[in-house]
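*Asks:* Structure below; questions to follow.
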Amino acid sequence: MPERIKAAAMHGHSLLQMLDAFATLDQGDEGWTIATVVTKEQSSYRQPGAVMLVSPYGKSYGLVSGGCLEADIALQAKKVQQSGVPRYLIYDSSEEGGIAAGLGCNGRVGVLLQIVTPGYRKFLGLLHARLKDRQPCRLRYCYRSENTREMAQCTLLDQAGRVLAHALPEQAGEPGADTGQVTIDHSAPCSLWVIGGGADTRPLVVIASLLGWQTTIVDHRVGYARATDFPSAQRILRSNPEDFNGIMDGDVVLLMSHNLSMDAAWLKKMDPENLPKYIGLLGPESRREQVFALAAIEPGSELARSIHGPMGFDIGGDTPESIALSIMAQCHQVLLRVSR
C-alpha cells in the first residue's frame, strides 16, 4: 500500500500558485521538468507535496526547500531532460559532504523529477482547473521502481482511491507492489470572505493572495470594495445581508463593516449546519457582546464558539498592515488547529 500524506497546502497553497504562474507562461512544447517532494524524514523546510517547475532554460517556479536545494534541482532537471529518464533524488542535510550538508535542518527529503510531456501538461491544466474550482486533488506517485515508466507517471485519484486521470494516459496502469509509492492529498484552497471593503481590508487580501487563498469581498456601498483596490480578489459582491441569497462558503469570514447592526445581520445569515471554521469580529469584547445581543446569539452556541472577537493576536500593532498580520496569523493557526 502506498503511504498517504496530507500536503500542508490548504493554508499556503503552493501547488495552485505554481499552476497559476505556469498558465501565464509561454510554455513551449518541450523541456520542462516538474520536481515534487515525495518523502521526508525528520526536519525539513517544505513538506511532501511541495512542487517546483524548471523551464528549458533552468529558471524555476515554486520552492521545494527554503532556497537551499533549488539550484541543484535545476541542474538535475537538465540532466533528466537530456536522458529522458525520471530521477528520485535524496537530500540529506545531516550527511557530511553532501549537497545538503550544513543546512541545519537535520532532515532528509526525497524529490522526484519528471519530464512534463504534452500529456503531463494537459494533466497539470486539469489540476489547475480543479483547484480553482475548490476541488481537492489526491495524487499518487511512484518514486522508486526498476521500471522508469512507472516513475514518470502521476495519477489523480478520487477520495475513494479510484483513478480519475493519468498524467501519461498511454502508460496507464497500477505500479508494481514492490515499488516505492506515495499518495499526497492537496486540499482545496482556503476560501476567505471579507464583509466590508474599506481601506483597512486591503492588506488582508494581499496576505491571503500570497497564501494562495481565494477571496470574496462583500460590500453594498458603491464607493467601497472597488476592483482597482483589490486586484487579487476572486469576487466582489454588491449586497447587503437582507438581499443576499447566495451561499457563504468561506472557510474564514471576517466581519469588517465597522457597523454593529450590519455585523449582526451578516451573522444571522450563517448556516448553522455549515459554519465557517473561523469567524472574526473587530473591536473589543464589549463590542462582541453588543453584536451577540443584536443577532440573538447564545453565548455557548456553536456559532458563538466559532467567533473570534476581538479577532487576531495581540502583537501590539495599530496600522492596517500589522492588524492584518495578526488576524491572518490567527486564522492560519485555527485552520491548521495548531495549539499555542
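*Asks:* Which FRET efficiency, nearest 0.05, do ASP249 and GLN82 yield, Cβ-Cβ r, R0 56 Å? Don't skip to the end; give the middle numbers.
*Replies:* Values: r = 46 Å, r/R0 = 0.83.
That gives a FRET efficiency of 0.75.
*Asks:* Still on this model: Along the charge dipole of the chain, which of THR215, VAL80, MET256 sits closest to the positive end, that is, farthest toward it, with unit charges on the beta carbon of Lys, Arg, Asp and Glu (+1, +1, -1, -1)?
*Replies:* Checked the options; the winner is VAL80.
*Asks:* So how far apart, in nm, are the two label points at GLU289 and GLN333 if each is 7 Å from Cα heading toward Cβ?
*Replies:* 2.4
*Asks:* Now a separate question. Rounded if a/c is under 1.5, else prolate if a/b is larger than b/c, else oblate: which is region 235-340, with a ≥ b ≥ c the root eigenvalues of its Cα gyration tensor?
*Replies:* Taking the square roots of the gyration eigenvalues as a ≥ b ≥ c, region 235-340 is rounded.
*Asks:* Still on this structure: Would you mind calculating the gained length between HIS258 and ASP271 on full extension (0.36 nm times residue separation, minus the Cα-Cα distance), in nm to one decimal?
*Replies:* 2.5 nm
*Asks:* Collect residues whose amide H, placed 1.01 Å from N in the peptide plane, falls under 5 Å from the amide H of GLY280; neighbours closer than 5 in sequence don't count.
*Replies:* Under 5 Å from the amide H of GLY280: VAL253, LEU254, LEU255, HIS308.
*Asks:* With θ set to phi - 60° and the Karplus curve 6.51 cos²θ - 1.76 cosθ + 1.60, what are the ³J(HN,Hα) couplings of region 152-165 in order, to the nearest whole Hz, using x for Gly and Pro?
*Replies:* 7, 8, 9, 10, 8, 10, 8, 5, 9, x, 7, 6, 9, 6
*Asks:* Another question, if that's okay. Under a 1.4 angstrom probe, counting protein chains only, how are LYS269, LYS59 ranked by accessible area, largest first?
*Replies:* Reading off the accessible areas and sorting them downward yields LYS59, LYS269.
*Asks:* A further question follows. State the three equivalent ellipsoid semi-axes of region 180-223, derived from the C-alpha gyration tensor as the square roots of 5 times its eigenvalues, in descending order and whole Å.
*Replies:* 32, 11, 5
*Asks:* Using alpha-carbon pairs under 8 Å, 6+ residues apart, how would you state the relative contact order of the chain in percent? Write out the running numbers ahead of the final one.
*Replies:* Details: 671 pairs, mean separation 48.6, N = 340.
Value for the chain: 14 percent.
*Asks:* Quick one: 3J(HN,Hα) in Hz for region 136-144, Karplus 6.51/-1.76/1.60 with θ = phi - 60°, rounded, Gly and Pro as x.
*Replies:* In residue order, the calculated couplings are x, 10, 10, 10, 10, 10, 10, 9, 9 Hz.
*Asks:* Could you give the length gained on full extension between ARG226 and GLU41, defined as 0.36 nm per residue of separation minus the Cα-Cα distance, in nm?
*Replies:* Extra length from ARG226 to GLU41 when fully extended: 61.9 nm.
*Asks:* What accessible area, in Å² to the nearest ten, does a 1.4 Å probe give for LEU255?
*Replies:* 0
*Asks:* Need one number: % antiparallel among DSSP beta bridges in region 163-254, to the nearest 5.
*Replies:* Around 0 percent antiparallel, to the nearest 5.
*Asks:* Compute the separation of the alpha-carbon centres of region 260-298 and region 202-240 and state it in Å as a whole number.
*Replies:* Answer, in whole Å: 20.
*Asks:* Enumerate the amide H contacts of HIS220 below 5 Å, restricted to partners 5 or more residues apart or on another chain; note that Pro and chain-start residues carry no placed amide H.
*Replies:* SER239
*Asks:* Rounded to the nearest Å, what's the spacing between the alpha carbon centres of region 51-85 and region 119-178? Just the number, please.
*Replies:* Between the Cα centres of region 51-85 and region 119-178 lies a distance of 20 Å.
*Asks:* Candidates [x] 28, 26, 19; [y] 42, 21, 19; [z] 39, 29, 17; which is the computed semi-axes √(5λ) of the Cα gyration tensor in Å?
*Replies:* Correct label, based on the coordinates given: [y].
The values are calculated or read from the model by the stated rules, or taken from the named source; none is laboratory data. Keep in mind it's a predicted model, so treat the numbers as computed, not measured. Don't worry about glycine lacking a Cβ; one is built from the backbone with ideal geometry, like all the others, and counts go over all protein chains shown. These accessible areas exclude ligands, DNA and RNA; they are computed on the full protein's heavy atoms, side chains included. Shrake-Rupley method; radii C 1.70, N 1.55, O 1.52, S 1.80 Å.
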